[in-house]
1. Taking a label point 7 Å from the Cα of residue 348 along the Cα→Cβ vector, which residues of region 426-450 have an amide N closer than 20 Å to it?
2. Straight-line reach from residue 311: which aspartates and glutamates have Cα under 12 Å away, leaving out those fewer than 8 places along the same chain?
3. Quick one: which residues, 5+ away or cross-chain, put their amide H under 5 Å from the amide H of residue 342? H built at 1.01 Å from N.
4. How far apart, in nm, are two points set 7 Å out from the Cα along the Cα-to-Cβ line at residue 401 and at residue 479?
5. Return a single number: how many Lys pairs in region 125-239, at a sequence separation of 8 or more or on separate chains, have alpha-carbon atoms below 17 angstrom apart.
6. Filter the chymotrypsin sites (Phe, Trp or Tyr not before Pro) in region 123-195 to those in DSSP coil with at most 13 other Cβ atoms within 10 Å of their Cβ, and list the result.
7. Less than 13 Å Cβ to Cβ from residue 233, Lys/Arg counted +1 and Asp/Glu -1: what total charge do the surrounding residues give?
8. Hey, what number do you get for the chain at 222 nm if only DSSP H runs of n ≥ 4 count, each worth -39500 (n - 2.57), divided across all residues, to the nearest 500?
Amino acid sequence: MKRSILSLAVLTMATGMLAQCPISYYPKEGAKDIHVDTRLVVTFDSEVRPGNRGFITVIDKATKKVVDKIDMSIPAGPMVGQPKHPDATYTPVPYVYRVEHITNRNTRPGTPSGAAKEDKGRYQKTIIGGFSDAFHFYPVICHGNRATVYLHNNMLEYGHEYEVRIGKGVIEGWDGKKGWTFSTRSAAPSKDKKRIVVAADGTGDFSTLQGAMDWVPDSLPSEESRKTIFVKNGDYEELVYFRNKRFVTIEGESMDGVVVHYPNNEVFNPHPIDIKTNEQKGTFPSRRAAVAADNCADMIFRNITFRTDCKGQAEGLLLNGERNFAQNVHIIGDGDALQVNGSAYWLNCIIDGGGDTVLGRGPSFFNHCTLSSYGAFMWIRNTKENHGNIFYDCTFKALGKYAVIARLPDNKGKNYPDAECVLLNCTLDGVPAEGFGPIAESASTAKLYEFNSFDKEGKSIDVSNRERHVRQLDAIRDAELIGRYADAKWVLGW
């Protein structure tokens, strides 16, 4: 008998089919007052991995209707970059941000919202934040012995009881689960509330930042109508995208304690193959950031970390809009860690990236911020319509030998002759002697100004070998210009 049991165990291990044993579920079976944005979590007695077959099914107990179904045989998203389209262009008409309540319940994921063609790829797709073109996503993410199931966004409703069925193959080595039931809260928070709480453990008004932002009405009219989303300390692994928000504060309990992150990049969620993104106003929205605030104004971000878990073109935060403010925010990305298109003020922020760490059209005013980068810190792309990136009392930590402050090479026959980068009283730690570059002749008119840079020991930087297009400002001769650039109101226009 012992020999038979041993033989079975050896055979099971050899075939990679060791049976997994769940030890807890969230929500608990029969739980009540569960948030409609909840994740489903199964904790096992050993390490687990997502499977590639079987179904995740959610049934409304009252109506017996299937309200959500995920086929695990469908890949989450592309793992290699898409081929270049020789005729790709910017959207021929400006992208229109319509105020519509578009969700997975009323719209097919992948429905085109602009001039781009529909993505016909066979991947997992979910509508987030009203973006009907949809995002690729991971239905199951495993860390150690914990498996988290991500339903399609906005499929659960208030005041309903649901049954979850997880089929064999969804989690490797697990036969699945039937009859897992829970009930959602009776009603959403009152729209009159000024402050709501997000808590990953389910003790707040929502479990996710995305759920809270979906609750916030579009285009609030004034400062008096401002909503505050307070996020408790916790790990928030979620792909966040919202648009058309105004006068909203997103405030974490602590910068290091609140981490919103997701494995997203340009490969996993690429721009439409026939449409370019980001370069110009009115272009098709990008989907590659871990967190994206799109067409948003008068936002405040405070005491929080936004991070991408991928390499490549992968922003921790992509911010499009005007008059936005960030304080004590840590942004972690790779190429293009922070992309900013529209006016923004950054105070005491930390920005970590792999290269072109700050990208976008600006204008941005950085005050007492710390930036680290393995490659160039930025690729400025503002036009003459507005200022570029201004850094006041900031610290630049070079992590690689190519970590120059900014570069302006020819970009496929195009450049940014009105680009602007100004450093005032900044600390440069390990930045190469040339400081900037390469700067192509097509960008020779760019405003690359530097004043009173010093090293981490507080000693003045030797600028004798600076790239020839960089202008060193003089404390007396350029006093008026230095004063202007030190004035955030002058830079940002507000």
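1. Hits in region 426-450 for residue 348 at 20 Å: 426-427.
2. 266, 334, 336
3. For residue 342, the qualifying residues are 321, 361, 362.
4. Here the answer is 4.4 nm between the modelled labels.
5. 6
6. 158
7. So the surrounding residues net to -4.
8. -1500 deg cm²/dmol
The values are calculated or read from the model by the stated rules, or taken from the named source; none is laboratory data. Everything numeric here is computed off the predicted structure, so don't read it as measured data. Every residue, glycine as well, gets a Cβ built from its backbone with ideal geometry; the counts of neighbours run over all protein chains shown. SASA here: full protein model, heavy atoms, side chains in, ligands and nucleic acids out. Shrake-Rupley method; radii C 1.70, N 1.55, O 1.52, S 1.80 Å.
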